[in-house]
Amino acid sequence: MLSKSRQPRYRVWLLVVVLGALAVLLIGTTMTSRAYVTKITETTLDDFSSGEFHRTGMLDISEEGIDSIQLIPIGLVGTWVQDAQSLPISLTEHSAVAAGGHVIVMGGTDENLDSRNEVYVSRIGAGGALEPWVEQTNALPVALSGAAAVVSPTSDTESWIYVIGGVSGGGAALDTIYYTTFHHDTGVVDPWLTSSNPLSLPTYYLGATVHNGYIYVVGGYQEELPILGPTAEVYYAQIQANGDLGPWQQGPSLPGARYNTLVVAYGAGNVNTLYVMGGRSDPVAGNNDVFFADINPTDGSLTSW
C-alpha cells in the first residue's frame, strides 16, 4: 500500500504516461494520414458538371510511383506561349468555343474587312499546344462576324455548337441562330441547322453563355426599331432534345445598355449566377461595371441585377 506522501508522485507519473501515449497516438495518426495519397481521375461530363475543381497542381509520375497535389495560387500557373499553329487566315470579330479536346473557330472578318464563313478545328495536344488546323467541309451557311458562340455538351462524345446573331457579309445584322453537332472523337462538324426560334431582333456584338440547359443572350448592338444602338435586353431559351431552341423568354434588363460585353455563368451547390462584365455603351468609352443576377435552376429565370 502506497503511503499518502507518495500518492501525488504516482498520479503525476501515471498522467505523464497517459499523455505520452496520447502524443504517440496523435503523431502516429498524423503521419499515417500524410502517408497515403489518393489519386483521383475525373474525365466524364458528370465529373465536371458541378463547375467545381478542388484539386490544383496535380502531379502524376507513374514510373516513380508519385501521385501528389500541389496547392498553388489561383490564377495562371505558367507564362503565355505563342502557339506554333497560327490561324490559317488573319481574323477579327470571329467566334470560338472549346469542346471535346478541340478548339473550334467560326466566321470573322479577314484583313480585307470581308466576313468569312469558314470553320476551323484544332485538336488540343497533351501539353496544351494545338495541332494543325483543319478546315471543315461544313462551313457556316453565311459569312458573318460579330456573332456570339456557345457550346453545350450532350454526352462524352458530342456537343451542340450555337452561333448567335452577328453581321452578314453584306453588312446586315442577323437574328438567325445556327447550330450543329460536333463530334469529339473525329473533330468533325456536322451540317449546320437553323433554329426555329430566332432572336427577337437582329443583333451583333452580343454576349452569350450556357448554363444548366439554357442559353443566355445579353446586350448587343441593334439597328432596327424600337432599339437603334446598344441594348440592355436579356433573353434566355431552353435547349431542346434535338438541339433546337425553345421560345425565348425575356429576363430583367441590364442596368445599362451594353455591347461587346463578356458573359459567364457559375454554378456550384446552391449557387447559380450570371455575370456580365465590361463592354461598351457608346462607340467611344468602355465600361468596367460588373453586373450579376441569380439563376433559378428550375426554369432558368433570373433575379434582378
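The values are calculated or read from the model by the stated rules, or taken from the named source; none is laboratory data. A quick note: this is a predicted structure, and the numbers were derived from the prediction, not measured. With ideal geometry, Cβ positions are generated from the backbone for all residues, glycine too; neighbour counts draw on all protein chains shown.
Hey, can you tell me all the residues within region 103-130 that are out of contact with any strand residue (DSSP E or B) (no Cβ under 8 Å at 6 or more places or on another chain) and in contact (Cβ under 8 Å) with a residue 40 or more places away in the chain? Matches in region 103-130: D114, A129.
Of all the listed residues (V284, V264), the sole one being in a strand (DSSP E or B), among the aliphatic types (A, V, I, L, M) and either on the phi < 0 side of the Ramachandran plot or touching a strand residue (DSSP E or B) at 6+ places or on another chain (Cβ under 6 Å) (or both) is V264.
Taking each residue of region 131-157 that is assigned to a loop (DSSP other than H, G, I, E, B) and looking for partners that are of a type in the set (K, R) with beta-carbon atoms closer than 6 Å, six or more apart or interchain, yields E131/R123; A143/R116. Filtered by the rule that a residue be assigned to a loop (DSSP other than H, G, I, E, B) and either over 19 Å from A208 (Cβ atoms) or touching a residue at least 24 places away in the same chain (Cβ under 8 Å) (or both), region 267-281 gives G269, N270, G279, S281. Please go through region 282-295 and pick out each residue that is among the aliphatic types (A, V, I, L, M) and free of Cβ contacts under 8 Å to residues at least 12 places away in the same chain. Those that are among the aliphatic types (A, V, I, L, M) and free of Cβ contacts under 8 Å to residues at least 12 places away in the same chain: V284, A285. For region 244-254, the criterion of being under 18 Å from the mean Cα position of the chain (by Cα), surrounded by 16 or more Cβ atoms within 10 Å (Cβ to Cβ), touching a residue at least 12 places away in the same chain (Cβ under 8 Å) and part of a strand (DSSP E or B) is satisfied by no residue at all. P132: surrounded by 14 or more Cβ atoms within 10 Å (Cβ to Cβ) and at pLDDT 95 or above, yes or no? Answer is no for this residue. The set of residues in region 266-285 being within 15 Å of L206 (Cα to Cα) and surrounded by fewer than 19 Cβ atoms within 10 Å (Cβ to Cβ) consists of Y275, M277, G278, R280, D282, P283.
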